[in-house]
Amino acid sequence: MSPGRAGDDSDAMNEARITSYRDGPLLVRGPFRLEDQDGNEIEAGAGTIALCRCGKSRLRPFCDGSHKVVRFRAPSGAESGRGG
Ligand code: FES
């Protein structure tokens, strides 16, 4: 682990952390700005947010729990077969 990375509370206060959940959304914690492709801010409120990655939410880009209904399946980590 490099200095100033995971586990360092001072960094945790200064950078966003995005966590990919198995069969679910991407949770974003920390300071961030969410915007559309034209640079317009998407109001996300304060604190942790969940971004949909199943494509079925009715609140996109936010998760509304629909991933459970559609039984979305994806690993928490990167899928193998990703180009490189
Ligand atoms: S990941 Fe939750 S609704 Fe898509």
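The values are calculated or read from the model by the stated rules, or taken from the named source; none is laboratory data. What you are looking at is a predicted structure, and each value in this text was computed from that prediction instead of being measured. Neighbour counts run over all protein chains shown; Cβ positions are idealised from the backbone, glycine included.
Can we say residue 76 is touching a residue at least 12 places away in the same chain (Cβ under 8 Å), assigned to a loop (DSSP other than H, G, I, E, B) and either within 16 Å of the ligand (Cβ to nearest atom) or surrounded by 13 or more Cβ atoms within 10 Å (Cβ to Cβ) (or both)?
Values: touching a residue at least 12 places away in the same chain (Cβ under 8 Å): yes; assigned to a loop (DSSP other than H, G, I, E, B): yes; either within 16 Å of the ligand (Cβ to nearest atom) or surrounded by 13 or more Cβ atoms within 10 Å (Cβ to Cβ) (or both): yes.
Yes.
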Going through region 55-72 in order, the residues found to be under 24 Å from residue 33 (Cα atoms) and part of a loop (DSSP other than H, G, I, E, B) are 55, 56, 57, 58, 60, 61, 63, 64, 65
Note on region 34-46: residues in a loop (DSSP other than H, G, I, E, B), more than 18 Å from residue 57 (Cα to Cα) and modelled with pLDDT of 95 or more are 37, 38, 39, 40
Here the residues within region 48-73 that are surrounded by 10 or more Cβ atoms within 10 Å (Cβ to Cβ) and on the phi > 0 side of the Ramachandran plot are 55, 65
